[in-house]
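A.B. asks: To start, I am sharing the structure in question, which I have written as structure tokens.
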Amino acid sequence: MPILKKKMTLRLGRKTSLFIDLETGVTGLTGAARELRSRLGKVPALIKALSRLRKGAARVGPARPSAGKPVLGERDRARRKPVRGSNTPVFFVTGLGKSGTSWLMRTLDGHPEILCKGEGRFFAADWRRANFDPAGTQALASSLYYALLDSEYLRLWVERSVWAREGDAATHLDNLTRLATEHFLLGRLRKTNKKLVGDKSPLLNADFIEEVGRIYPEAKVIHIIRDGRDQAVSMLHHVWNRSTDQGGVQTLKPGEFERRDIYRKNPKKLLQTGEGMFTEERLRGAARSWNSRVGKTAEDGPALLGRNYTEVRYEDLLGRPNQEINRLAAFLGADTSEKAVQQAVGSASFEKLSKGRERGQEDTSSFYRKGVAGDWNNYFTERDKEIYKEEAGELLIRLGYERDLDW
């Protein structure tokens, strides 16, 4: 690796200079900039100083690009210059709720080198809970990104402070989100003996990849995808179990209470009525959400993050868990030995998570209800099938869950 050896004087103002005895590899410039930032703050002169350091390094020879460097749009690169923090590998596990995100999180967390928790809900600029009562629940009121963007006094400070006049307010707020996210993730990691840290970040909107690519572009993303029909069935049970009438935050509409109560007493009776589990509004909403969020994430991931993005299917994780976890460990740069992979897989088996039940044994009140693939066939009525085809049939085909609309 080329070494840059020279003394350099950085003039920060008419009366202030900083003398640096620089002896560092070209790839160490990020660390030098981070050290400067920690001492001086984000002053405009620091940006110029970093530019001078990079020019000096360029004369010696360019650093080799990172193999996992994300692919960003030209417009984003020109407008946004995200803060660079620690070199510690960070990743995010994402997916639509009830697609296996918690299962995957716990599996990865069982790996001897990986710390994975959730849900931090760092991203999703537009996400907050409607009609939220902070005194009545410990659930998060909004994403961290929303909380920062929605803070009137923080925005006013950023817009008016002498320290923030260079650059637009949106970029500064993005950088604050990045620094806060890194603070919490790395702070927890430092208390362990592991080397990688990740957050389970559910797909709260369709712009997740765009936000990660802009705010934390070097982070890796694992997107877990599940057949949307199975996801809809699982999510309905989740909503039933966490409805407001049972002390939760999920809202049921008229007609849904009755369906839930009938199902819990006699599932077959509900299906025999011909009405099925879903109201039309509930199923259309579930299908639209799966179609827009999963579909866009599957498109944006490779386009915006490049090799920093990968996918795993819920169904594949069921069928060949060791093989899939081995692949994901390699993607993250973690130990792929048979022992490490088996430790991860064994730590989050369905039997362990469900406290003794085998896959397929249903407990309607459990977060880990059944743990199978294709269960939608037991619940979808002909009306349900037509609704789902209308809203998300094409994505089912594109992702390989169906060959056509004749199902």
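Quick note: the coordinates plus some simple rules give every number you see, no bench work behind them. All values reported here derive from a predicted model rather than from experimental measurement. Cβ coordinates were reconstructed from backbone atoms using ideal geometry, including for glycine residues, and neighbour counts include every protein chain displayed.
A.B. asks: Which whole-Hz ³J(HN,Hα) couplings does segment 272-282 yield from phi under the Karplus relation 6.51 cos²θ - 1.76 cosθ + 1.60, θ = phi - 60°, glycine and proline marked x?
C.D. replies: Residue by residue, segment 272-282 yields 6, 5, x, 7, x, 6, 9, 7, 4, 4, 5 Hz.
A.B. asks: If you don't mind, there's one more thing I want to ask. Collect residues whose amide H, placed 1.01 Å from N in the peptide plane, falls under 5 Å from the amide H of Ala124; neighbours closer than 5 in sequence don't count.
C.D. replies: The list, which skips near neighbours in sequence, is empty: none.
A.B. asks: Any idea how far apart His238 and Arg190 come out in nm if each label point goes 7 Å out from Cα toward Cβ?
C.D. replies: Placing both labels 7 Å along Cα→Cβ, they lie 3.3 nm apart.
A.B. asks: Moving to a separate point now. Could you please rank Val372, Val197, placing first whichever residue has the fewest other Cβ atoms within 10 Å of its Cβ?
C.D. replies: Working: Val372 16, Val197 23.
Ranked by crowding around the Cβ, least crowded first: Val372, Val197.
A.B. asks: Between Gln342 and Ala170, what is the spin-label point distance in nm, taking each point 7 Å from the Cα along the Cα→C-beta axis?
C.D. replies: Going from the Gln342 label point to the Ala170 one covers 5.2 nm.
A.B. asks: OK, next. List, in order, the whole-Hz ³J(HN,Hα) value for each residue of segment 95-106 obtained from phi through the Karplus relation with A = 6.51, B = -1.76, C = 1.60 and θ = phi - 60°; use x for Gly and Pro.
C.D. replies: x, 5, x, 6, 10, x, 5, 5, 4, 5, 4, 5
A.B. asks: Once amide H atoms are placed 1.01 Å from N in the peptide plane, what residues at a sequence separation of 5 or more from Ser243, or on another chain, have their amide H within under 5 Å of its amide H?
C.D. replies: Correct list: Gly248, Gln250.
A.B. asks: Compute the Rg/Rh shape ratio of segment 118-274: radius of gyration over Kirkwood radius, all on alpha-carbon atoms.
C.D. replies: On the way: Rg = 20.3 Å, Rh = 18.9 Å.
When Rh is taken as the Kirkwood radius, the ratio is 1.08.
A.B. asks: Here's another thing I want to ask about it. Here are some pairs, Lys265/Lys389; Lys200/Lys220; Lys98/Lys200; Lys269/Lys385; Lys98/Lys195; which of them have Cα atoms lying more than 23 Å apart in this structure? Can you show the working numbers first?
C.D. replies: Working: Lys265/Lys389 30 Å; Lys200/Lys220 12 Å; Lys98/Lys200 12 Å; Lys269/Lys385 19 Å; Lys98/Lys195 28 Å.
Going by Cα-Cα distance, Lys265/Lys389; Lys98/Lys195 fall outside the 23 Å limit.
A.B. asks: Now, a different point. If Lys and Arg each add +1 and Asp and Glu each add -1, what is the summed charge of the other residues whose beta carbon sits under 14 Å from the beta carbon of Ile224?
C.D. replies: In short, 0.
A.B. asks: Sticking with this one: Using amide H atoms built 1.01 Å from N in the peptide plane, name the residues 5+ places from Phe91, or on other chains, whose amide H lies under 5 Å from its own.
C.D. replies: Val197, Gly198, Asp199, Lys220
A.B. asks: Can I ask one more? How much net charge surrounds Val90 when only other residues with a Cβ under 9 Å from its Cβ are counted (Lys, Arg +1; Asp, Glu -1)? Numbers along the way, then the final one.
C.D. replies: Details: positive: Lys220; negative: Glu182, Asp199, Glu218.
That sum, taken over residues with Cβ under 9 Å, equals -2.
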